[in-house]
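A single structure is presented below for examination.
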Amino acid sequence: MRFSVLPLFLFAGFLLVAQSTSKSKIRIIHADYNLGRKANNEQLRILKGSVHVIKDTVQMYCDSAFYYEQRNVLELMGRVKVNNGQRTVKANKIIYFPDEDLTECLGNVRASSPKDSLFARRLIYHLEKKDAKANGDVYLWSKKDLTVITGQHGYFDDAKNYFRVTDNSHFMQIDTAARDSFQVFAQVLEYYGDTLNYAYAVDSVKILKGGFLAHCDTAWYYNKTEVAWLKGNPVAWFDKSELTGKVISAQFDSTDLKHINVTGKAQARTLKDSSETDYNILKGKKIEFFIENKKPKLVIARDNATSLYYLSEQNDSGINYSTSDSIFVFFKEGELDSIQIMGGAQGTYYPDSYKGERVFGN
């Protein structure tokens with residue numbers, strides 16, 4: 001087998017001729033060595049040492065490269081870097097297909113831009129369309145939105161600023177003012193950046209933020225307004241309460257949960273102090289939690305509201321059951337302080353000494 005070695009000045013302007021379907025040619029800007037040989041009846045061009053080649057506006061750098069002329073495929077190896085003017089891709093190895101303007105990136109892949117960085121073990125990146133498919137420990141860091149998204153498989157569209165991950169997906173909105181960050185776990189996560197700026201989660205969704213925990217089938221989170229919407233059998237836990245309904249929304253600020261809204265067969269259950277089986281229960285078509293200093297301050301049940309509360313005063317202990325248009329439950333330092341019944345109120349009080357039948361409605 002015979003190799004030809006050319007000095008640098010003989011091939012500084014050498015053109016690697018692309019096939020006829022290619023828009024333009026790959027051009028060598030620099031390489032310490034240029035080796036040509038036949039391999040499996042195909043002309044192979046080998047470049048070594050500080051390799052720099054370009055095609056159109058795409059700049060490619062590496063330690064060594066193989067160019068297969070018949071297939072029009074360029075393999076870049078060793079400290080590989082490809083830049084298309086908007087995003088820089090680095091990997092252990094990148095295979096470039098000029099006809100499709102497509103790169104297959106393998107090993108320690110990082111695709112970065114001024115606004116974000118995408119990491120994966122394997123990445124298929126279309127340089128012209130600016131979209132990518134990622135596999136293996138996928139990680140997106142959005143510098144602009146202070147957002148981290150991870151999963152095992154991903155799809156990224158630069159033009160739309162859209163990112164989708166599947167399989168054990170995790171979304172985290174980093175809070176620089178507090179140690180608690182807003183987190184979403186799901187099987188499928190979608191994120192829309194820039195002006196839309198929201199996340200969408202499907203399948204086995206779990207949401208965490210400070211003392212707030214929720215599970216549901218589907219959830220949306222809007223970064224700018226800091227509101228999370230939960231649908232599909234939503235259940236949420238806050239402080240000592242369990243909340244259920246058809247739809248749950250939670251309003252946050254940069255550090256704390258401020259408001260919870262439950263609509264559609266809304267119910268709030270709070271375990272009675274010193275009990276493992278008895279619950280204070282509040283129901284209505286709609287329940288609102290107003291929160292201050294991470295504790296409930298006021299809870300309102302509206303439309304066909306009912307309440308069942310255990311009273312534990314020294315001289316007045318028992319169960320109070322009420323129905324009304326609206327029920328206001330006031331708290332003091334997170335503990336039940338008083339209940340106000342408004343509009344068509346009816347109520348029944350059963351002291352602990354009562355031995356008869358206790359009726360609490362449906």
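Please name all residue pairs, on different chains or six or more residues apart, with Cβ atoms under 6 Å, provided the first residue is in the stretch 156-174 and is at negative phi and the second residue is among the polar types (S, T, N, Q) and crowded, with 21+ Cβ neighbours inside 10 Å.
Gln173/Thr147
Right, something else. Test of understanding: among Lys231, Lys258, which residue is more than 30 Å from Ala159 (Cβ to Cβ), basic (Lys, Arg) and out of contact with any His (no Cβ under 8 Å at 6 or more places or on another chain)?
Values: Lys231 fails: more than 30 Å from Ala159 (Cβ to Cβ).
Lys258 is the lone residue from the list that is more than 30 Å from Ala159 (Cβ to Cβ), basic (Lys, Arg) and out of contact with any His (no Cβ under 8 Å at 6 or more places or on another chain).
Out of all the residues in the stretch 153-172, which are in contact with a Leu (Cβ under 7 Å, 6 or more places away or on another chain) and closer than 20 Å to Gly211 by Cβ?
Phe171
Table: residues versus (1) basic (Lys, Arg); (2) closer than 27 Å to Ile207 by Cα.
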site: Ser241; (1), (2): no, yes
site: Ala250; (1), (2): no, yes
site: Lys258; (1), (2): yes, yes
site: Ala268; (1), (2): no, yes
site: Tyr279; (1), (2): no, yes
site: Lys283; (1), (2): yes, yes
site: Asn293; (1), (2): no, yes
site: Leu308; (1), (2): no, no
site: Asn320; (1), (2): no, no
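Specify the residue that is modelled with the highest pLDDT; the eligible residues are those in the stretch 1-58 that are under 12 Å from Pro98 (Cβ atoms), β-branched (Val, Ile, Thr) and in contact with a Leu (Cβ under 8 Å, 6 or more places away or on another chain).
So the residue we want is Val53.
Exactly one condition in (1) modelled with pLDDT of 80 or more; (2) touching a strand residue (DSSP E or B) at 6+ places or on another chain (Cβ under 8 Å); (3) among the basic types (Lys, Arg) is not met by Arg358; state its number.
(1)
May I ask you to say which residue of Thr270, Thr277 is at pLDDT below 95 and not in a strand (DSSP E or B)?
Among Thr270, Thr277, only Thr277 is at pLDDT below 95 and not in a strand (DSSP E or B).
Moving on. Can you tell me which residue is modelled with the highest pLDDT among those in the stretch 223-244 that are in a loop (DSSP other than H, G, I, E, B) and more than 24 Å from the chain's Cα centre (by Cα)?
Within the stretch 223-244, the subset in a loop (DSSP other than H, G, I, E, B) is 223-226, 232-234, 239-240.
So of that shortlist, the ones also more than 24 Å from the chain's Cα centre (by Cα) come out as 239-240.
Numbers: Asp239: 87, Lys240: 83.
Across the stretch 223-244, the extreme among qualifying residues is Asp239.
What tally of residues in the stretch 69-80 results from selecting those that are closer than 17 Å to Arg37 by Cα and in a strand (DSSP E or B)? Walk me through it before giving the result.
Pass one, the stretch 69-80, residues closer than 17 Å to Arg37 by Cα: 69-75.
Pick out the ones that are also in a strand (DSSP E or B) and you get 73-75.
Selection size over the stretch 69-80: 3.
Rundown of residues vs (1) crowded, with 17+ Cβ neighbours inside 10 Å; (2) free of Cβ contacts under 8 Å to residues at least 24 places away in the same chain, yes/no style:
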| position | (1), (2) |
| --- | --- |
| Glu242 | no, no |
| Ile248 | yes, no |
| Leu257 | yes, no |
| Val262 | yes, no |
| Leu271 | no, no |
| Thr277 | no, yes |
| Asn280 | yes, no |
| Ile287 | yes, no |
| Phe290 | no, no |
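Another one. Within the stretch 183-222, track down each residue that is free of Cβ contacts under 8 Å to residues at least 40 places away in the same chain, among the hydroxyl-bearing types (Ser, Thr, Tyr) and in a strand (DSSP E or B).
Tyr192, Tyr198, Tyr200, Ser204, Thr218, Tyr222
In the set Asp175, Asp180, which member is touching a Gly at 6+ places or on another chain (Cβ under 6 Å) and outside any strand (DSSP E or B)? Outline the logic, then answer.
On the way: Asp175 fails: touching a Gly at 6+ places or on another chain (Cβ under 6 Å).
Of Asp175, Asp180, the one residue that is touching a Gly at 6+ places or on another chain (Cβ under 6 Å) and outside any strand (DSSP E or B) is Asp180.
Additional query: Tell me yes or no: at least one residue of the stretch 91-100 is at positive phi, out of contact with any Leu (no Cβ under 7 Å at 6 or more places or on another chain) and surrounded by 16 or more Cβ atoms within 10 Å (Cβ to Cβ).
no
For residues that are closer than 14 Å to Ser142 by Cα and of a type in the set (Phe, Trp, Tyr), tally how many sit in the stretch 153-186.
4
If you don't mind, there's one more thing I want to ask. Condition first: outside any strand (DSSP E or B) and surrounded by fewer than 16 Cβ atoms within 10 Å (Cβ to Cβ). Now tell me which residues in the stretch 45-68 satisfy that. Even if it seems obvious, please write down each step before you answer.
Of the stretch 45-68, the ones outside any strand (DSSP E or B) are 56-57.
Passing the criteria: only Thr57.
Can you name every residue in the stretch 51-61 that is touching an Asp or Glu at 6+ places or on another chain (Cβ under 9 Å) and not aliphatic (A, V, I, L, M)?
Start the filter on the stretch 51-61 by keeping residues that are touching an Asp or Glu at 6+ places or on another chain (Cβ under 9 Å), which leaves 51, 55-56, 58.
Within the stretch 51-61, Lys55, Asp56 qualify.
The values are calculated or read from the model by the stated rules, or taken from the named source; none is laboratory data. What you are looking at is a predicted structure, and each value in this text was computed from that prediction instead of being measured. When we count neighbours, we look across all protein chains shown, and the Cβ atoms used for this are built from the backbone with ideal geometry, even at glycine.
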